[in-house]
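Asks: Here it is: the structure, laid out below.
The values are calculated or read from the model by the stated rules, or taken from the named source; none is laboratory data. Please read all numbers here as calculations on a predicted model, not as lab measurements. Every residue, glycine among them, receives a Cβ derived from its backbone with ideal geometry; neighbour counts consider all protein chains shown. Only protein heavy atoms, including side chains, enter the accessible area calculation; ligands, DNA and RNA are left aside. Shrake-Rupley method; radii C 1.70, N 1.55, O 1.52, S 1.80 Å.
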Amino acid sequence: MKRNTTLIRLNLLFRGAGVLFNILAIVWIFLCLFAAFNDVSDEPSIVSLFSFSNFFAVLANVFFVFFWLLTRKKKLSIWSFIALLIAYPVVKSSFAINLFTAKQITKEEQSLKVISWNVHLFDLGEWTNNKQTKSKIIDFIEVQQPDILCLQEYYFDTKNPNEPFLEMLRTLGYSYFEFAEEGQYWKRFLNISAGPKDLITVGTAILSKFPLSKPEVLDVSSGNEFYKLLGVNLDLGEDKEVRLYTTHLQSVNFVGNEVEEAEDRAKKVSAKVDDVAKGILKKIIVSSSKRAEQANFIDSVMAKNILPTLFCGDFNDMPGSYVYRKIKGTMEDAFIKKGFGWGRTYRNIFPTIRIDYIFYDSDFFKCEAASAPNLSLSDHNPVIATFSLKNSAKHN
């Protein structure tokens with residue numbers, strides 16, 4: 001009798017713990033959803049941290065759906081199921097599940113292949129401990145043969161923009177080049193083999209096999225000239241023209257005059273956050289606020305664009321975040337549309353970090369394939385997307 005009573009109590013305790021953790025999982029995913037719609041550009045908030053846990057919040061609720069289905073309390077599975085439906089904007093962007101939808105485009109179909117990649121200065125500091133990394137990046141580009149390259153953390157020798165990469169890339173067919181400068185640095189600070197007066201110019205680049213026109217470089221936030229938005233018109237022929245944008249948004253590791261601005265913004269963070277979040281957490285909160293400001297500016301620029309749009313870049317923010325949602329708008333995420341898995345693009349920290357994207361106008365483009373191959377050539381993996389063009393979409 002005592003044994004039965006003990007088993008009943010253990011069963012009730014186990015069920016009660018399951019209900020409690022299920023409720024916490026639901027609260028968690030709702031906080032992620034709130035973070036996706038919460039504009040922290042004026043007021044840094046600890047809530048923005050939840051955007052970095054979207055994938056795990058979704059996973060926790062999926063677990064509880066199946067967990068309760070395997071027990072006698074099957075009806076309890078409806079809690080997390082409803083939560084997942086309500087939080088669909090967060091759920092949809094967390095994981096790509098396209099197993100059999102990608103295809104190879106035939107030569108007869110008009111197509112466009114795009115690579116967006118933070119190349120980390122082509123391993124100038126030799127962070128990969130491999131002196132061949134630079135040439136391997138070029139080799140990868142040559143094998144892939146994209147029509148468009150959007151490269152973040154690209155650099156050239158200030159005295160000669162053709163060196164060390166542009167002339168090499170032109171031989172691969174990239175006749176058109178546009179660049180948004182983010183700063184100049186002494187090369188010797190990154191590579192001791194460089195000359196004492198070697199200066200490099202760093203920024204975001206677009207290289208194209210198709211003609212580019214109407215370039216525009218914009219500062220993405222007031223009071224900071226480091227982060228840029230680069231926009232160009234891309235002429236695809238047959239009276240088809242699109243607007244291509246690329247950007248590299250606020251990083252967590254502040255540099256230069258960003259430190260003072262970050263300190264001013266950090267003063268807005270409450271004392272409670274100051275007690276709870278130290279060091280890296282506080283940096284993430286402050287940089288999230290800065291990126292929200294940048295996303296709002298980009299959204300205002302995009303609102304004036306009348307052409308079909310391609311948008312590539314390193315957002316330094318997760319799928320389902322406010323920044324992701326604001327910039328994406330009505331565009332489609334190529335990886336979610338045709339990729340598979342969580343699409344890791346940042347190689348450090350967790351394997352679920354996806355912060356690099358290719359967005360596209362689905363009225364003009366049809367995404368045929370997308371991937372984020374795992375390469376140890378940069379601290380980021382490239383994002384690759386291939387598109388066919390819809391015949392009904394014409395130049396506006």
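Asks: Restricting attention to segment 204-250, and to residues there that are part of a strand (DSSP E or B) and among the acidic types (Asp, Glu), which single residue is surrounded by the most Cβ atoms within 10 Å (Cβ to Cβ)?
Replies: Across segment 204-250, the extreme among qualifying residues is 241.
Asks: Just to confirm my filter: which helices (runs of 4 or more DSSP H) fall fully inside segment 30-106 and include at least 1 residues that are closer than 25 Å to residue 252 by Cα?
Replies: Of the helices (runs of 4 or more DSSP H) lying wholly inside segment 30-106, those with at least 1 residues that are closer than 25 Å to residue 252 by Cα span 54-69, 88-94.
Asks: Identify all residues within segment 325-356 that are on the phi > 0 side of the Ramachandran plot and touching a Lys or Arg at 6+ places or on another chain (Cβ under 6 Å); write none if there are none.
Replies: 343 - this is the single residue of segment 325-356 that is on the phi > 0 side of the Ramachandran plot and touching a Lys or Arg at 6+ places or on another chain (Cβ under 6 Å).
Asks: Could you check how many residues of segment 333-354 are over 12 Å from residue 96 (Cβ atoms) and surrounded by fewer than 22 Cβ atoms within 10 Å (Cβ to Cβ)?
Replies: Here the count works out to 8.
Asks: How many of the residues in segment 162-194 are open to solvent by 50 Å² or more (accessible area, probe 1.4 Å), at pLDDT 90 or above and in a loop (DSSP other than H, G, I, E, B)?
Replies: 4
Asks: Conditions: (1) closer than 24 Å to residue 139 by Cα; (2) open to solvent by 10 Å² or more (accessible area, probe 1.4 Å). Residue 329 meets all but one. Number of the miss?
Replies: (1)
Asks: Would you check if there is a residue in segment 307-314 being in contact (Cβ under 8 Å) with a residue 24 or more places away in the chain, in a loop (DSSP other than H, G, I, E, B) and closer than 28 Å to residue 143 by Cβ?
Replies: no
Asks: To continue, here is another question. I'd like the residue in segment 107-129 that is more than 15 Å from residue 381 (Cβ to Cβ) and either without any contact (Cβ under 8 Å) to a residue 40 or more places away in the chain or acidic (Asp, Glu) (or both) and, out of all such residues, is most open to solvent (accessible area, probe 1.4 Å).
Replies: 107
Asks: Turning to a different aspect of this structure: Considering only segment 45-67, I want to know if a residue exists there that is open to solvent by less than 80 Å² (accessible area, probe 1.4 Å), farther than 25 Å from residue 321 by Cβ and modelled with pLDDT under 95.
Replies: Within segment 45-67, one or more residues are open to solvent by less than 80 Å² (accessible area, probe 1.4 Å), farther than 25 Å from residue 321 by Cβ and modelled with pLDDT under 95.
Asks: Return the residues of segment 293-316 that are out of contact with any strand residue (DSSP E or B) (no Cβ under 6 Å at 6 or more places or on another chain) and open to solvent by 10 Å² or more (accessible area, probe 1.4 Å); say none if nothing qualifies.
Replies: Within segment 293-316, 296, 299, 300, 301, 302, 303, 304, 306, 316 qualify.
Asks: Could I ask something else about it? What are the pairs with Cβ atoms under 8 angstrom where one residue, in segment 131-158, is in contact (Cβ under 8 Å) with a residue 24 or more places away in the chain and closer than 16 Å to residue 246 by Cβ and the other, located anywhere, is outside any strand (DSSP E or B) and of a type in the set (Val, Ile, Thr)? Sequence gap at least six, or different chains.
Replies: Listed pairs, sorted by first residue: 149/141; 151/119; 152/119; 153/119; 154/119.
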